[in-house]
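The values are calculated or read from the model by the stated rules, or taken from the named source; none is laboratory data. Since this is a predicted model, take the numbers as computed values, not measurements. Glycine also receives a Cβ, built like all others from the backbone with ideal geometry; neighbour counts cover every protein chain displayed. The protein model used for the area step is the full one, side chains on, heavy atoms only, and it has no ligands, DNA or RNA in it. Shrake-Rupley method; radii C 1.70, N 1.55, O 1.52, S 1.80 Å.
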Amino acid sequence: MIEKMDNSPAGVAGLDVSGTVLARDVTEALRMVAPTESLLVEVAPRFDGYMAEVVGGMRRACRDGQAQRCALVVPEDMRDEATMQGEGDGLRIFTAREAAESWLAS
């Protein structure tokens with residue numbers, strides 16, 4: 001499930017991800033917030049979907065101009081799986097929301 005984040009910083013579109021999510025779910029959810037300069041997506045510890053789908057959807061959003069910078073925040077135990085999919089196309093992966101927000105603001 002993907003929901004619009006209630007507490008995203010000013011100027012940043014935010015989404016919370018939990019449960020099972022596929023790339024098309026990310027694409028559909030981006031319609032709620034895109035186009036935007038900065039996108040923050042935070043994965044909940046109870047996420048049981050495919051990280052490759054989330055990362056792929058976010059990379060596609062950045063590459064296609066739906067967002068200039070995309071920050072994905074994952075729990076520490078999911079970092080390896082997320083980074084295995086690769087950063088790039090404006091996407092960076094973080095384990096701390098504060099670090100992601102700082103990067104988006106820079």
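Some observations on this one:
- Selected from TYR50, ALA61, GLY11, residue furthest toward positive end of dipole (region 9-70; charges at beta carbon): ALA61
- For the Cα trace of the chain, dividing Rg by the Kirkwood Rh returns an Rg/Rh value of 0.90.
- Percent carbon-and-sulfur accessible area, region 1-53, ignoring ligands, DNA and RNA, probe 1.4 Å: 47
- Accessible area per residue in Å² at 1.4 Å probe, computed on region 30-106: 51
- Förster-model FRET efficiency, 22 Å R0, GLN68 and SER102, C-beta, rounded to 0.05: 0.85
- Relative contact order (%) - criterion: Cα under 8 Å, at least six apart; region: the chain: 25
- Virtual spin-label span in nm between THR20 and ALA44, 7 Å along Cα→Cβ: 1.6
- What the Cβ-Cβ distance of ASN7 and GLU81 gives, at R0 = 25 Å and to the nearest 0.05, is a FRET efficiency of 0.45.
- Within region 2-56, the percentage of alpha carbon pairs spaced more than 19 angstrom apart rounds to 20%.
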